[in-house]
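Data block below; observations after.
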Amino acid sequence: MTSSNSRLFFTYIVIVIAVMISMGLIIIPLISGNEKIIASFALISGLIVFLVLIYNIFEKYMKPVRSAALVADELVKGNYKARTYVNYYGDAGKLSHSINVLARSLQEMVIQEKIQASQLRTVIDNMESGVMFINDKGYVHLVNRKFLNMFGKQSNDYIGYLYYDVIDQVKIHNAVQEAFLYEEKVKNSFVFSMEIEKKYFEIVGAPIFNEKHDLKGVVLVFHDITEHKRIEQMRKDFVANVSHELKTPITSIRGFAETLLDGAMENEDLRNEFLTIILKESERLQALVYDLLELSKLEKDEMTLKYEHISLPQFLQDILPIVEQQANNKSIQFITSIDSDTEMEGDPDRLKQVFLNLLNNAINYTPQNGEVHLIVKEEQEVVRVIVTDTGIGIPEDMQKRIFERFFRVDRARSRNTGGTGLGLAIVKHIVEAHHGTIKVISKLNHGSTFEITFPKK
């Protein structure tokens, strides 16, 4: 018995005893002889019967009801672990059993709600889109991990604050206001300027209603579309660049052909000069189309590498004479340092493209009497290839873009050297297809260094 139940029970006993004693004090003085004994026995027997009855009533009815009331109070307070006294007699027993069933059901519901809330929080935190929930009074109630990655700060810098106090973007304010005002989904986009680059976001705002269709808040979903914007811009640039690159040789070929047909064909020297230009432009056009097809295969993952065991010193014997001749024609000193017995697994034809592209670029962009160095060295798990020149160099702000299609540091000079603007893009794709890495270190007017790391296997 609890202390409160015990006090109540003893209170009842004291009252009954007091009543019985009072009755005895009144009745016994009025009788004499054996009647006193009989009266005393009757009073004591009555007291015992009353005590037994009170005890049974208390145990079977009052105690369960009082215990059920206390448990109900605990349930109201949120303590769903509370249980009442179990009694199997009559309606009081049914009440105790029902209270316990209710408590167990509420406890299971709370556990399930916690599990579901945890699962929902996990899903929201691992979404690839930023999420923010704003209640009907404009206070931020929830932000997920992706949102914090997008905009920075910590969750406690947002939660509990009015949305317009913690978010500066006007277009986000407009999306929230339109979702509240029109009570329908809205979509918008905005640019967020970071320290290094601009980020493009698409925002979708949707109102949230309860079962009575009362507006309870707005949920905002943020999609980072920076990569889509970049790809879209690359496509536009690609179309523009391809059109421009094709237009130049085609215009030249057509112009000189028309000039020949208009009478210049009669002049042998002029005819030979024009035909030489037409041949050169057609070769350039052919190289451009070939590089475009190669790049298309690489980007679509249609290229299948034919791996072979390659001894690099022997492999480079077929490439170096071509490069040396090109260097001699420009009075450039070509210096090589190749570790003997350097071996790796790779596709010889594709690797030949890598070496030729890098070395040709180094020679083409190095002035006369300059130097070009090729270093091939073997390390524990990788083969490192370094191509260094003393050429014109690459401005720091352009170094991140040199592997883009058609990107040229010096457009006029690139065309004069016969380049298509696709060489380094092809090199990067081939290196990555071999699970390697490529990086550039350059200083304007002081030359460039391209470093490639290939895994041996």
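As an exercise, use a Förster radius of 35 Å and the Cβ-Cβ distance of residue 456 and residue 231 to find the FRET efficiency, rounded to the nearest 0.05.
Efficiency, rounded to the nearest 0.05: 0.55.
Determine the gain in length on full extension of the stretch residue 248-residue 206; use 0.36 nm per residue of separation and subtract their C-alpha separation, reporting nm with one decimal.
The span from residue 248 to residue 206 would gain 10.0 nm if fully extended.
From the phi angles alone, apply the Karplus equation (6.51, -1.76, 1.60; θ = phi - 60°) to the stretch 433-441 and give each ³J(HN,Hα) in whole Hz, x where the residue is Gly or Pro.
Result, rounded to whole Hz: 5, 8, 6, x, 10, 9, 9, 10, 10.
Determine which aspartates and glutamates satisfy two conditions relative to residue 199: a Cα distance under 13 Å, and not lying fewer than 8 residues away in the same chain.
Output for residue 199: 224, 227.
Quick check: convex hull over the Cα atoms of the stretch 128-224, volume per residue in Å³, rounded to an integer?
Normalising the Cα hull of the stretch 128-224 by residue number yields 93 Å³.
Quick one: which of 247/456; 229/457; 153/428; 198/377; 114/198; 114/212 span more than 32 angstrom between C-alpha atoms?
Flagged as over cut-off: 247/456; 229/457; 153/428; 198/377; 114/198.
Convert each backbone phi in the stretch 392-405 into a coupling constant with the Karplus relation 6.51 cos²θ - 1.76 cosθ + 1.60 (shift: θ = phi - 60°), then list the ³J(HN,Hα) values in order as whole Hz, x for Gly and Pro.
For the stretch 392-405, the Karplus-derived couplings read 6, x, 10, x, 4, 6, 9, 5, 6, 9, 5, 8, 7, 5 Hz, x marking Gly and Pro.
Measure off 7 Å from each Cα along the Cα-to-Cβ vector at residue 139 and residue 375, then give the distance between these two points in nanometres to one decimal.
With each label point 7 Å from Cα toward Cβ, the separation is 6.3 nm.
How do 368-376, 354-362, 149-157, 397-405 rank on mean C-beta neighbours within 10 Å, highest first?
354-362, 368-376, 397-405, 149-157
What is the spin-label model distance, in nm, from residue 289 to residue 74 if the labels are put 7 Å beyond Cα along the C-beta direction?
About 8.7 nm separates the two model spin labels.
Could you work out the relative contact order of the stretch 232-299? I mean the mean sequence separation of Cα pairs under 8 Å and 6+ apart, divided by the number of residues, in percent.
Here the relative contact order equals 35 percent.
Rounded to the nearest 0.05, what FRET efficiency do residue 120 and residue 268 have when you use their Cβ-Cβ distance and R0 = 60 Å?
Computed FRET efficiency for residue 120 and residue 268 comes out at 0.10.
How large is the convex hull of the C-alpha atoms of the stretch 308-455 per residue, in Å³?
Dividing the Cα hull volume of the stretch 308-455 by its residues yields 102 Å³.
Once the Cα atoms of the stretch 178-267 are picked out, what are the Rg and Dmax in Å?
Cα radius of gyration and Dmax of the stretch 178-267 are 27.2, 92 Å respectively.
Can you give me the distance in nm between label points at residue 325 and residue 188, each placed 7 Å from the Cα along the Cα-to-Cβ direction?
Here the answer is 6.5 nm between the modelled labels.
Provide, for q = 0.14, 0.20, 0.27 Å⁻¹, the log10 of I(q)/I(0) from a solvent-free Debye sum over equal Cα point scatterers in the stretch 232-299.
Log10 of I(q)/I(0), two decimals: -0.53, -0.81, -1.12.
What FRET efficiency comes out for residue 14 versus residue 215 if R0 is 60 angstrom and r is the Cβ-Cβ distance? Round to the nearest 0.05.
Plugging the Cβ-Cβ distance into 1/(1 + (r/R0)^6) gives 0.45.
Accessible area per residue, 1.4 Å probe, Å², for the stretch 192-290: what's the number?
Dividing the accessible area of the stretch 192-290 by its residue count gives 69 Å².
The values are calculated or read from the model by the stated rules, or taken from the named source; none is laboratory data. If you're wondering where the values come from, they're calculated on a predicted model, not measured in any experiment. With ideal geometry, Cβ positions are generated from the backbone for all residues, glycine too; neighbour counts draw on all protein chains shown. The area values use the complete protein model at the heavy-atom level, side chains included, leaving out ligands, DNA and RNA. Shrake-Rupley method; radii C 1.70, N 1.55, O 1.52, S 1.80 Å.
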